[in-house]
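Before any comments, here is the structure.
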Amino acid sequence: MTMLGAIALLLVFQLCGEIIHRLSGVPLPGSVIGMILLIGWLALTRREWPSLTAVSGWLTAHLSIMFIPAAVGLIDEGDALTQYGIALVLATIVSTVLTLFVTASVFRWALRFSEGGKDAAT
Amino acid sequence: MIALTAPLLWLAVTFVVFEGADSLSRASNRHPFAHPVLLATPVLIAILYFSGTDYRSYYDATFPLSFLLGPAVVGLAVPIWEKRALIRRLALPIGIALSAGAVTAIISAVGIMLAFGAPQDILVTIAPRATTTPVAMAMATALGGVPSLAAAIVLFAGVVGGMTATPLFNLMKVTDYRARGFAAGVSAHGFGTARAFQVDPTAGAFASLGMALNAVFTATLLSMAGLLLG
């Protein structure tokens, strides 16, 4: 597969996801459905695609600038921010720290069952 | 402004401002507060404001950037697939911790906003706050929320997570880098992952896994909830 082939693959899977999204009415975004389809395709083909890894890695590495047009949209959200800004800040801080706490605690707890001394050496 | 030149003008302005923000971020050794999006966004808002440009024309002109988010989300399949051996080996802790973390993130954020009497469009905007930014924006759009607000919330969550993860885990005496990394990725997506890679390569690998899995899991969970609640 070439670089262009990898780009075509990503676009085709996004398109398939978008079609499924529109036809089924599932509120899962087309791009997320496309991601799930691509995992399925990778599982079916069972081989490495270096150019796909390169293209998706390049996109992930440059995600930040792709958010900018959306983030600038805050210019029109003054009302929501003055009304709920403090609540949003509080909710985000509490939710983030609590999620760190719960995920790490549960992972540590569950690790005991899956490793149960079996590969304590690793 | 001549309509024909609008994409060229605003893409040029956006790239120049972003590159400036990114070099400041690099100079700060990638401090979470100096994230290029956090630095560039206020500058661009000021430019739009003082030039009297309405947001719609800016958004349309810079659409090529937003468009790339779609294929980028599809491409998140690759890191998940490449970590399949890890997922299989630690399926139990990964599955349980992912479910617990994702549910905690959604319920705590939505619960607090409910307590403040926030309307539904704000609730569905904050619900995907633990997912990576492009997925949160897509989910906010799909559920009738506000994508720009979702981007701001998720970036802020990333800053908070990136700064609190290490001291919190030390306080909790979690020494296992798999648990630390995975939690950072689930709760604080790319910021948590970047922080985890600074601390330890194993933590980084588990953080990127946590981020990718949570993007799929939270999106699926929220879309099912969206179907049930109409």
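Assorted remarks:
- Single match in B:L69, B:L92 (criterion: without any contact (Cβ under 8 Å) to a residue 40 or more places away in the chain, of a type in the set (A, V, I, L, M, F, W, C) and within 8 Å of chain A (Cβ to nearest Cβ)): B:L92
- Residues that are within 18 Å of B:I87 (Cα to Cα) and of a type in the set (S, T, Y), drawn from the range B:188-230: B:T193, B:T202, B:S208, B:T218
- Among the residues making up the range B:74-99, those that are hydrophobic (A, V, I, L, M, F, W, C) and not in a helix (DSSP H, G or I) are B:L76, B:L90.
- Filter result (under 15 Å from the mean Cα position of the chain (by Cα) and either free of Cβ contacts under 8 Å to residues at least 24 places away in the same chain or surrounded by 24 or more Cβ atoms within 10 Å (Cβ to Cβ) (or both)) within the range B:169-190: B:A183, B:A184, B:G185, B:V186, B:S187, B:A188, B:H189
- Counting only residues that are of a type in the set (G, A, S), touching a Leu at 6+ places or on another chain (Cβ under 8 Å) and more than 7 Å from chain A (Cβ to nearest Cβ), the range B:108-144 holds 2 of them.
- The condition of being loosely packed, with under 14 Cβ neighbours inside 10 Å, β-branched (V, I, T) and assigned to a helix (DSSP H, G or I) holds for only one of B:V37, B:V16, that being B:V16.
- Candidates in the range A:42-63 are the residues that are of a type in the set (A, V, I, L, M, F, W, C) and surrounded by 12 or more Cβ atoms within 10 Å (Cβ to Cβ); of these, the one that is nearest to B:I80 (Cα to Cα) is A:L42.
- Restricting B:T218, B:T166 to those that are of a type in the set (V, I, T) and crowded, with 22+ Cβ neighbours inside 10 Å reduces the list to B:T218.
- Within the span defined as the range B:43-61, every residue fails to be within 13 Å of A:V72 (Cα to Cα), under 16 Å from the mean Cα position of the chain (by Cα) and either in a helix (DSSP H, G or I) or modelled with pLDDT of 95 or more (or both).
- Any chance B:A105 is at the interface with another protein chain (Cβ under 7 Å from one of its Cβ atoms) and either more than 24 Å from A:R108 (Cβ to Cβ) or of a type in the set (F, W, Y) (or both): no
The values are calculated or read from the model by the stated rules, or taken from the named source; none is laboratory data. Here the structure is a predicted model, which is why all the values come from computation and not from measurement. Reconstructed Cβ throughout: ideal geometry from the backbone, glycine too, with neighbour counts over all protein chains shown.
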